[in-house]
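The values are calculated or read from the model by the stated rules, or taken from the named source; none is laboratory data. The shown structure was predicted, so the numbers you read here are calculated from the model rather than taken from an experiment. Here the Cβ is made from the backbone with ideal geometry for all residues, glycine too, and neighbour counts use every protein chain on show. For the accessible areas, the whole protein counts, side chains as well, though only heavy atoms, and no ligand, DNA or RNA atoms are used. Shrake-Rupley method; radii C 1.70, N 1.55, O 1.52, S 1.80 Å.
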Amino acid sequence: MKKIFYHSLFSLLLPLLIACGGGDDPGNGGGNGGGGGTGGGADGEVTNVVNVTSDLTVDLSTDKACYRPGETVRFVATGTLPAGAKVRYRTLDAVVAEQDATSDSWTWTAPAADFTGYLVDIYREKDANTEVVLGTIAVDVSSDWTRFPRYGFVATFDQTKTDEVIGQEMDFLNRCHINGVQFQDWHNKHHWPLGGTRDRLDDVYKDIANRDIYTRVVKGYIDAQHQRGMKAMFYNLCFGALSDAATDGVNEQWYIFKGTGHTDKDSHNLPSGWKSNIYLLDPANTEWQQYIAQRNDDVYANIDFDGYQIDQLGNRGDRYDYNGNKVNLPKGYASFIDAMKRKHPDKRLVMNAVSSYGASQIAGTGKVDFLYNELWDSEAAFADLHTVVKANDQYSGHTLRTVFAAYMNYNRSSGEFNTPGVLLTDAVMFALGGAHLELGDHMLCKEYFPNNSLAMNGALRTAIVRYYDFHTAYQQLLRGTDTSSEVSVAPTCTDATKRIDINAWPPKRSAVTCYARQVDGKTVMHLLNFRDADQLSWRDMDGTMPVPQLLSNIPLSLSLATPVKKVWVATPDFHAGASQELAFEQKEGTLTFTLPFLRYWTMIVIE
């Protein structure tokens, strides 16, 4: 095999990469390139090499979070475009179009293929064998946002939320391709969500925590989201009422009770300074369903929400209706979902499965648009993320995607998020085919969404953009199929001096874990770096997860009898997610190639 030379800057850049902590490219540079070219076969090799480096000096933005096939995509580039720069449009590793980068703004017509992710990069040719990536951005072309949901939130609606502030917040969510937004704690009362009446809205009202909610702000967020191609979902419990509910027409016989004598209403107790505790009703009670469906109708008549994010409170233990009959809450959730869909068939529905409680019944309705799991202590391991995704695939007949409501660094009460913990968790969730509810008018740290006690630092904010670009650009490989396509494989590091142990899923500390699927005839392997992990919990409760040591130029081998045409890699941690083809050799059923780098997560695709 012809000797392959890898252009390497690692001796210079390694201190900068470690200091960065966020797993992203340093501001000036690159890492080593991969090989590419032609060839392959049962006993084949690829020898033509195109090195890839990066100098990420150009920031890209688009006008929407997702686009319909054939829709016009508008790009803006911020930064200096050098002479000879080009714009390249790729889906996976295939180039679909290319043009000269002659302006800082331009348009592109989204291709006709539906449910497809693209990575658009600006690059220049350094020499005949080296490309320098200057900036990238993903584009999602999907006619229905729920095929690949990327869910965000907003949770504060006071006077500080001017049109300018709303625009800035939504611009960041748009840059991360968030295509659906949950409105948390926007409502007046759980049993009467609208601020005011159907015929007379209140300009300002109080939420459950007695915070001011401005109707113009709620509407302003929705307008800003719709302009950016996002959908707006209003939050509410499926069975909540405040202490004054009787005066608003809620019947005492609709509640659930802790005993059979209907004297002790089940409740979710809240701080004394708040409006009220929340008292729980029977979600299967048809009169309650009709009541709250009408209150929702009042909301839809006045505010342009696209659907209803339904909440619950997990396993309550034995509970009883007014007549002393034991209540089956999961069955009641399914009944409630059916009733909401009948009342508003054109509106979207999503329901929380707290610690997976009721997940099979929720999915079994066939009326929710994706599956939403709020995770707690019982599902705190990285391996539990896979268990949830796999169960959801089975519950939904392999049709619905999973979104995790998962709160990072939970024990931290102030300061910043721990960047390595967040990135490793996102890497695992995204590689498994899930999504993470974490981005909003701030980054989410607690189940009370208005809590903004932790902040993203600059490194994390930059890295998050890279991760969401990656999540979007490669969505067909990450989320286009389900766990029935999994394969238990792992490559082997052939250089014993590197001491890199690679194991098939589930994760092990002090090792690299490989999670793999077969997707459209390709073997897709995700290498996830747990070598320096101080725990196997995605929660990183105290924010102690360390930055993993960078691994570079890793020689790998894999038993694979099927003839290989192409091997390529991509990672959100380098070159802003741009793919690069690798040189390889396949001989006597063994595929060998050199992996350029692994920080948190690298995806290897074998065609």
When T146 is run through (1) in contact with a strand residue (DSSP E or B) (Cβ under 6 Å, 6 or more places away or on another chain); (2) of a type in the set (S, T, Y); (3) farther than 27 Å from V50 by Cβ; (4) surrounded by 17 or more Cβ atoms within 10 Å (Cβ to Cβ), the failure sits at (1)
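Within segment 450-480, count every residue that is in a helix (DSSP H, G or I), open to solvent by less than 10 Å² (accessible area, probe 1.4 Å) and either farther than 17 Å from A427 by Cβ or aromatic (F, W, Y) (or both).
The qualifying residues number 3.
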Of (1) modelled with pLDDT of 95 or more; (2) among the hydrophobic types (A, V, I, L, M, F, W, C); (3) out of contact with any strand residue (DSSP E or B) (no Cβ under 7 Å at 6 or more places or on another chain), A128 satisfies every one except (1)
Residue hits (segment 122-176; within 25 Å of the chain's Cα centre (by Cα) and of a type in the set (S, T, N, Q)) are T136, S142, S143, T146, T156, Q168, N174
I'd like to know if segment 415-422 contains one or more residues that are open to solvent by less than 10 Å² (accessible area, probe 1.4 Å), more than 16 Å from the chain's Cα centre (by Cα) and among the charged types (D, E, K, R). no
Note: among L591, L595, just one is farther than 20 Å from V120 by Cα, modelled with pLDDT of 95 or more and within 30 Å of the chain's Cα centre (by Cα), namely L595
Picked from segment 585-594 (must be surrounded by fewer than 24 Cβ atoms within 10 Å (Cβ to Cβ) and not acidic (D, E)), the residue farthest from I502 (Cα to Cα) is K587
- prompt: Among the residues of segment 170-188, is there at least one that is within 30 Å of A473 (Cβ to Cβ), basic (K, R) and in a helix (DSSP H, G or I)?
  reply: yes
Report task. Tell me, yes or no, whether segment 511-520 has at least one residue that is more than 30 Å from D121 (Cβ to Cβ) and at pLDDT 95 or above. Result -> yes
Pairs returned, first residue in segment 111-140 that is under 23 Å from Y467 (Cα atoms) and open to solvent by 10 Å² or more (accessible area, probe 1.4 Å), second residue that is among the hydrophobic types (A, V, I, L, M, F, W, C) and modelled with pLDDT under 95, beta-carbon separation under 7 angstrom, 6 or more apart or interchain, are E131/V50; E131/V52
Per the list (1) open to solvent by less than 10 Å² (accessible area, probe 1.4 Å); (2) within 18 Å of L329 (Cα to Cα); (3) assigned to a loop (DSSP other than H, G, I, E, B), residue check on I292 breaks on (3)
Just one listed residue, out of Y395, Y357, Y410, is open to solvent by 20 Å² or more (accessible area, probe 1.4 Å), aromatic (F, W, Y) and in contact with a Lys or Arg (Cβ under 7 Å, 6 or more places away or on another chain), and it is Y410
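Hey, among R198, R216, R228, R211, which residue is surrounded by fewer than 17 Cβ atoms within 10 Å (Cβ to Cβ) and closer than 26 Å to A406 by Cα?
Only one candidate passes the filter, namely R211.
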Looking across segment 157-185 at residues that are touching a Phe, Trp or Tyr at 6+ places or on another chain (Cβ under 9 Å) and open to solvent by 10 Å² or more (accessible area, probe 1.4 Å), the single one that is nearest to D441 (Cα to Cα) is E169
The condition of being touching an Asp or Glu at 6+ places or on another chain (Cβ under 8 Å) and open to solvent by 30 Å² or more (accessible area, probe 1.4 Å) holds, among K265, K206, only for K206
Scanning segment 243-260 residue by residue, those assigned to a loop (DSSP other than H, G, I, E, B), open to solvent by less than 40 Å² (accessible area, probe 1.4 Å) and touching a residue at least 60 places away in the same chain (Cβ under 8 Å) turn out to be I256, G259
Those residues of segment 58-107 which are open to solvent by 70 Å² or more (accessible area, probe 1.4 Å) and hydroxyl-bearing (S, T, Y) amount to T78, T80, T102, T107
Those strands (runs of 3 or more DSSP E) completely within segment 491-584 that have 2 or more residues that are crowded, with 22+ Cβ neighbours inside 10 Å are 512-519, 522-529, 551-559, 567-570
